[in-house]
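Heads up, the thing below is written out as structure tokens.
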Amino acid sequence: METPDPVALAGSLIALDTRGGGERAAADLLAGLLDDSGFTVRTEPDPADPARANLVARRGDGRPPVTLTGHLDTVPADPAGWSFDPHAGDVVDGRLRGRGSTDMKAGVAALVVAALRSDPATPLQLVFTFGEETGGDGARLLTGLEPSPLLVVAEPTANRVLHGHKGVLWLRLVQHGVGAHGSRPELGDNALVALGRVAAALHDHTWPVSATHGPATANPGTLHAGLQPNLVPDRAELEVDLRLVPGLDAATARDEVAGSPAPRWPPHRGVPDVEVRLTCPPSRPTRPTRGRPRPRRCSGTAGRRRTRPTSPTRRCSSGRSGTRRCWCTGPATPSWRTSPTRPAPRPGSARPPTPWSRRWSELAQPHPRDVVARPLGQHRAGP
């Protein structure tokens, strides 16, 4: 079978309307291509909506596969606000046009074509989900995936390779006020105005900045209040999308939003009720590779090389102080230990931890949903 052109495949995906639904059509299109190339393919429809489905395709000989993943849905696109068809999928002046051309049907097409062009002996697992833009609805239903040593996510990153990603916290704030007639607003307490001030304060608030992930952010995304213009709203609802970084967890961010309305937030009647809609912690950056695995010190028996499925490959050598240090190139908990067969170094003779080893201890722990958000250029060690 002839491998499709990735731009043409991306255009075909863009032509399919998957704005918050209808992803089954995209899954079926990709399933046919992968099935014809020897992949074992299965679609997983949404029990609540057969028009939505995940796609899982696998190829390999039992070795752990590399997993390539993306989502098939897009955010909404109102044609009234576009100068061309949001589902055009055509190329004009060297640019692919349409909703999803960036996030992330072009990325999905690139993954599929890369898989089709790859060596058939390479173990691969492709996972494409529905409902990512609305909280990971499809990912919650995935079952039977093979554990993978590497997960590649084709989200748009300006063609930079990133390691790790920001966390997410969606909050719903509900503000109660006092209703009144629009001709006498001084008799009421306008919940919309109160929560609007909170939205502005959240937008302008200075959030923590991570050396590896950049700044945490808050986006007030929706604000709903009122029944008609001549009534003072007695209830308002605000939804906020916060992106978390190492050092700012969900509980701390929630307290930052709801814990102290004054003087941080504008004064109003009472504190908004805060409901957590979605949370996922930030991932921890991996160690720099620069072309090959960088050795990590690890605990264990010195002077022995061994490899186990869950243990690192060990190398030990003698230092100038007469001590023996061990390195590993596989998974292990980093530690600075000398061999039990040699005396401990004199005070001050052991090499102190590098700035990177200090930095790892300050970062958040990894999470099962971690994928890949960190520029390679930021991997240089430094204070």
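The values are calculated or read from the model by the stated rules, or taken from the named source; none is laboratory data. Please read all numbers here as calculations on a predicted model, not as lab measurements. Methodologically, a virtual Cβ is constructed for each residue, glycine included, from the backbone with ideal geometry; neighbour enumeration extends over all protein chains shown.
Structural remarks
- Within the range 87-112, considering residues that are among the basic types (Lys, Arg) and part of a loop (DSSP other than H, G, I, E, B), the one surrounded by the fewest Cβ atoms within 10 Å (Cβ to Cβ): Arg97
- In the range 66-86, the residues that are buried (at least 21 other Cβ atoms within 10 Å of the Cβ) and of a type in the set (D, E, K, R): Asp73
- Yes/no for Val108 being at pLDDT 95 or above and either among the polar types (S, T, N, Q) or in the same structural domain as Asp35 (by TED's automatic domain parsing) (or both): yes
- When the range 236-252 is filtered for residues that are under 15 Å from Val274 (Cβ atoms) and in a strand (DSSP E or B), the ones remaining, listed by number, are Ala236, Glu237, Leu238, Glu239, Val240, Asp241, Leu242.
- The range 139-166, residues that are touching a strand residue (DSSP E or B) at 6+ places or on another chain (Cβ under 7 Å) and under 16 Å from Leu68 (Cβ atoms): Ala139, Leu142, Leu145, Glu146, Ser148, Leu150, Leu151, Val152, Val153, Ala154
- Residue in the range 149-161 that is within 16 Å of the chain's Cα centre (by Cα), at positive phi and assigned by TED's automatic domain parsing to the domain that holds Asp49 present: no
- Condition check for Ser260: at pLDDT below 65 and either at positive phi or not in a helix (DSSP H, G or I) (or both): yes
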